Ligand code: ATP
Ligand code: MG
Ligand code: FE
């Protein structure tokens with residue numbers, strides 16, 4: 001089947017065309033409007049989605065070399081995300097499906113982050129485990145098939161991406177700070193400073209203590225030297241990033257030991273982090289895992305991951321009713 005997929009859960013408007021599981025296009029329009037506010041402003045995001053959606057879909061179709069009449073189904077991100085943003089993609093997809101007389105597929109954004117790992121030809125075998133690390137979520141997911149995904153553990157407070165972004169804010173870096181911490185960390189000493197590492201039972205995560213620890217650390221050091229942050233940016237970022245990676249991989253290793261699963265993936269925006277990609281690959285070699293990481297364009301929000309998930313739902317005959325609505329939060333199913 002040829003499927004058009006739309007992603008609009010947060011501040012990226014994206015459209016992708018997928019044919020028989022191969023991604024033919026994945027166009028992403030970012031929203032620069034939020035930079036000046038230091039975070040995503042929901043009302044501005046919905047408005048920008050409305051401006052972008054038609055041209056973005058148009059570009060995705062052209063890049064794939066298909067027209068509307070070639071489509072066999074239309075897919076969209078149903079949840080979770082910003083409700084105003086989700087609604088733009090949902091209404092567009094439903095209208096188009098109705099107009100074309102083609103079936104509709106509704107996709108869970110966090111499941112799609114996981115299944116981004118099914119895009120390349122070299123892909124994990126079921127069952128596999130995925131560490132999903134994004135702006136709003138941190139989860140260890142067990143995948144038994146494309147439609148049977150189970151959350152084994154997740155954060156009880158902040159997400160890994162928030163740990164990066166909130167720490168970056170404390171360091172005076174612009175939003176989103178994750179990629180900047182990654183950049184500075186490359187030049188720094190990861191062993192120079194120590195930050196709090198939580199002791200949480202089982203496979204759950206916690207990052208709020210780390211953020212507080214960074215705050216107190218910076219307050220203490222700046223009291224001695226007002227220029228402390230600027231002078232030590234690389235070492236602070238390297239130490240902070242190493243701490244986040246240790247917290248993440250400790251639990252992933254445990255999940256692999258608990259389940260005996262040896263095909264492991266990472267996904268989500270933070271899986272674009274070079275330190276995490278390297279440390280995950282190294283740990284995999286040490287543990288005898290096969291490791292998989294999506295290409296950069298499929299780590300942060302993109303419609304390609306929605307398209308591949310929709311493709312598997314199409315094969316399973318799991319279509320959505322035109323009455324389906326977007327929801328900000330959603331049960332995992
Ligand atoms: P969710 O998927 O949970 O709804 P989201 O869609 O907003 O959240 P993503 O787009 O998947 O999240 O990821 C965005 C997050 O990824 C941000 O927190 C950003 O800082 C982080 N991020 C992106 N690149 C990097 C990087 N190289 N290093 C660290 N963090 C990064
Ligand atoms: Mg985003
Ligand atoms: Fe996301």
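Taken together, the values in this text are just the output of simple stated rules run on the coordinates, not laboratory data. This is a predicted model, so every value here is computed, not measured. Cβ sites come from the backbone with ideal geometry, for glycine too, and all protein chains shown count toward neighbours.
Descriptive notes on the structure:
Condition check ((1) under 22 Å from residue 320 (Cα atoms); (2) buried (at least 17 other Cβ atoms within 10 Å of the Cβ); (3) more than 17 Å from the chain's Cα centre (by Cα); (4) within 16 Å of ligand 2 (Cβ to nearest atom)) across all residues:
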{"site": "13", "(1), (2), (3), (4)": "yes, yes, no, yes"}
{"site": "17", "(1), (2), (3), (4)": "yes, yes, yes, no"}
{"site": "32", "(1), (2), (3), (4)": "no, no, yes, yes"}
{"site": "69", "(1), (2), (3), (4)": "yes, no, yes, no"}
{"site": "93", "(1), (2), (3), (4)": "yes, yes, yes, no"}
{"site": "105", "(1), (2), (3), (4)": "yes, yes, yes, no"}
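- Boolean, residue 116 is over 24 Å from residue 175 (Cα atoms), within 15 Å of ligand 2 (Cβ to nearest atom) and assigned to a helix (DSSP H, G or I): yes
- Among the residues examined, residue 57 qualifies as away from ligand 3 (no atom under 16 Å from the Cβ) and either surrounded by 24 or more Cβ atoms within 10 Å (Cβ to Cβ) or closer than 16 Å to residue 74 by Cα (or both).
- Within the range 262-296, if we keep just the residues that are away from ligand 2 (no atom under 16 Å from the Cβ), outside any helix (DSSP H, G or I) and crowded, with 20+ Cβ neighbours inside 10 Å, the residue that is nearest to the chain's Cα centre (by Cα) turns out to be 266.
- Within the range 126-169, strands (runs of 3 or more DSSP E) holding 2 or more residues that are crowded, with 22+ Cβ neighbours inside 10 Å: 128-133, 138-145
- Residues that are in contact with a helix residue (DSSP H, G or I) (Cβ under 9 Å, 6 or more places away or on another chain) and without any contact (Cβ under 8 Å) to a residue 12 or more places away in the chain within the range 221-231 comprise 221, 222, 225, 228, listed in sequence order.
- Output for the range 170-213, where each listed residue is within 16 Å of ligand 2 (Cβ to nearest atom), part of a loop (DSSP other than H, G, I, E, B) and buried (at least 16 other Cβ atoms within 10 Å of the Cβ): 175, 176, 177
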